[in-house]
2 protein chains.
Amino acid sequence: MDAFSAAAEPNRRRILQLLASQPKTVTEIASAFPVTRSAISQHLLLLAEAGLVAAEKVGRQRIYRVVPEGLRALQAEIDRFWTDELDRLVVDADTLRSNR
Amino acid sequence: MDAFSAAAEPNRRRILQLLASQPKTVTEIASAFPVTRSAISQHLLLLAEAGLVAAEKVGRQRIYRVVPEGLRALQAEIDRFWTDELDRLVVDADTLRSNR
DNA sequence: CCAATGCGTTAGTGATGACTAACGTATTCG
DNA sequence: CGAATACGTTAGTCATCACTAACGCATTGG
């Protein structure tokens, strides 16, 4: 799965945002969600496969953190999608709105 | 399905880009993909439900075009995801790279 | 040591996604 | 009018996803 699709799932989006502020353990992350720790663990593994997060083993905990290089790749994917043409359409719409 | 997830699917990403350059009929779009017209039609309906595209009936054709307002919503969703913190991590990574 | 803690793993389930093939419907062209 | 065209629609398949429950393994604290 590419980074774009991996990041699109709502729970995974929130996980990335949580980890952006600072690294966290699996339990910490899971406590912010209504689903089980197992589900979160699986999301984390998927994000890790996509190169967006990485785990560091510390004692019996695993500290997950965001991988800047992976984020860069994601941003590049988004940018590649968000072409100038798409952007122009949005900007034009904005202009029309502000002229009303 | 929210706009972010709708736009994440690779084929739909390409459809949006195609339509960004100019409106097209279903057959025109489908000719750019290896899958059947039916599959494309279904992707288009899903994109329409997400408010990202709209169809105008012209004779026996349907001209699909991108909906600027929907794109704006998508961009807003992406921006809400791409927080300052995520951005800072990427920028820092860039700085490190250029210092090597 | 032994119980508790932190996680990954596995198996199973229900839902959904992406797709094809076949069909139905409206529209146009000769 | 009748064939061809442009689409949507439907049904069915196969794969994948998101999730839970249960278990297993390492690590640590009393």
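Kindly provide the set of residues from the stretch B:63-86 that are at pLDDT below 90 and at the interface with chain A (Cβ under 7 Å from one of its Cβ atoms), ordered by number.
From the stretch B:63-86, those at pLDDT below 90 are B:83-86; that's our starting set.
Across the stretch B:63-86, the qualifying residues are B:T83, B:E85, B:L86.
Looking at (1) within 12 Å of chain A (Cβ to nearest Cβ); (2) closer than 17 Å to A:E9 by Cα, find the lone condition where B:V91 falls short.
The single condition B:V91 does not satisfy is (2).
Which one of these is touching a residue at least 40 places away in the same chain (Cβ under 8 Å), in contact with a Lys or Arg (Cβ under 8 Å, 6 or more places away or on another chain), away from DNA strand C (no atom under 13 Å from the Cβ) and closer than 16 Å to B:F81 by Cβ: A:A50, A:A3, A:A7? Even if it seems obvious, please write down each step before you answer.
Details: A:A50 fails: in contact with a Lys or Arg (Cβ under 8 Å, 6 or more places away or on another chain); A:A3 fails: in contact with a Lys or Arg (Cβ under 8 Å, 6 or more places away or on another chain).
Checking each option against the conditions leaves just A:A7.
Name every residue in the stretch B:53-78 that is within 16 Å of A:E85 (Cβ to Cβ) and more than 15 Å from DNA strand C (Cβ to nearest atom), in order of residue number.
B:Y64, B:R65, B:V66, B:V67, B:P68, B:G70, B:L71, B:R72, B:L74, B:Q75
Check the stretch A:59-69 and report whether any residue there is part of a loop (DSSP other than H, G, I, E, B), out of contact with any Phe, Trp or Tyr (no Cβ under 8 Å at 6 or more places or on another chain) and within 16 Å of DNA strand D (Cβ to nearest atom). Outline the logic, then answer.
Initial filter on the stretch A:59-69 (part of a loop (DSSP other than H, G, I, E, B)): A:59-60, A:67.
The next check asks that each one be out of contact with any Phe, Trp or Tyr (no Cβ under 8 Å at 6 or more places or on another chain); those that pass are A:59-60, A:67.
Next cut, within 16 Å of DNA strand D (Cβ to nearest atom) only: A:59-60.
Yes: one or more hits.
Name the single residue, out of those in the stretch A:11-58 being within 14 Å of the chain's Cα centre (by Cα) and more than 14 Å from chain B (Cβ to nearest Cβ), that is nearest to DNA strand D (Cβ to nearest atom). Spell out how you get there, then give the answer.
Kept after step one, since they are within 14 Å of the chain's Cα centre (by Cα), are these residues of the stretch A:11-58: A:11-23, A:29, A:40, A:43-54.
Next, only the ones that are more than 14 Å from chain B (Cβ to nearest Cβ) stay: A:29, A:40, A:43-45, A:48-49.
Working: A:I29: 12, A:I40: 8, A:H43: 6, A:L44: 11, A:L45: 11, A:A48: 13, A:E49: 10 Å.
Of everything passing the filter in the stretch A:11-58, A:H43 is nearest to DNA strand D (Cβ to nearest atom).
Given (1) part of a loop (DSSP other than H, G, I, E, B); (2) under 18 Å from A:D2 (Cα atoms); (3) of a type in the set (G, A, S), where does A:A54 come up short, assuming only one miss?
Among (1) part of a loop (DSSP other than H, G, I, E, B); (2) under 18 Å from A:D2 (Cα atoms); (3) of a type in the set (G, A, S), the lone unmet condition for A:A54 is (1).
Conditions (1) in contact with a strand residue (DSSP E or B) (Cβ under 7 Å, 6 or more places away or on another chain); (2) over 16 Å from B:R13 (Cβ atoms); (3) basic (K, R), marked per residue:
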{"residue": "A:M1", "(1), (2), (3)": "no, no, no"}
{"residue": "A:K24", "(1), (2), (3)": "yes, yes, yes"}
{"residue": "A:I40", "(1), (2), (3)": "no, yes, no"}
{"residue": "A:A48", "(1), (2), (3)": "yes, yes, no"}
{"residue": "A:E56", "(1), (2), (3)": "yes, yes, no"}
{"residue": "A:I63", "(1), (2), (3)": "yes, yes, no"}
{"residue": "A:T95", "(1), (2), (3)": "no, yes, no"}
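Mind listing whichever residues of the stretch A:25-47 are near DNA strand C (Cβ under 8 Å from one of its atoms) and either of a type in the set (G, A, S) or touching a residue at least 40 places away in the same chain (Cβ under 8 Å) (or both)?
A:A30, A:S38, A:S41
Answer yes or no as to whether B:A8 is within 13 Å of DNA strand D (Cβ to nearest atom), modelled with pLDDT of 95 or more, surrounded by 19 or more Cβ atoms within 10 Å (Cβ to Cβ) and at the interface with chain A (Cβ under 8 Å from one of its Cβ atoms).
Numbers: within 13 Å of DNA strand D (Cβ to nearest atom): yes; modelled with pLDDT of 95 or more: yes; surrounded by 19 or more Cβ atoms within 10 Å (Cβ to Cβ): yes; at the interface with chain A (Cβ under 8 Å from one of its Cβ atoms): yes.
Criteria met by B:A8.
The values are calculated or read from the model by the stated rules, or taken from the named source; none is laboratory data. None of the values given here were measured: they were computed from a predicted structure. With ideal geometry, Cβ positions are generated from the backbone for all residues, glycine too; neighbour counts draw on all protein chains shown.
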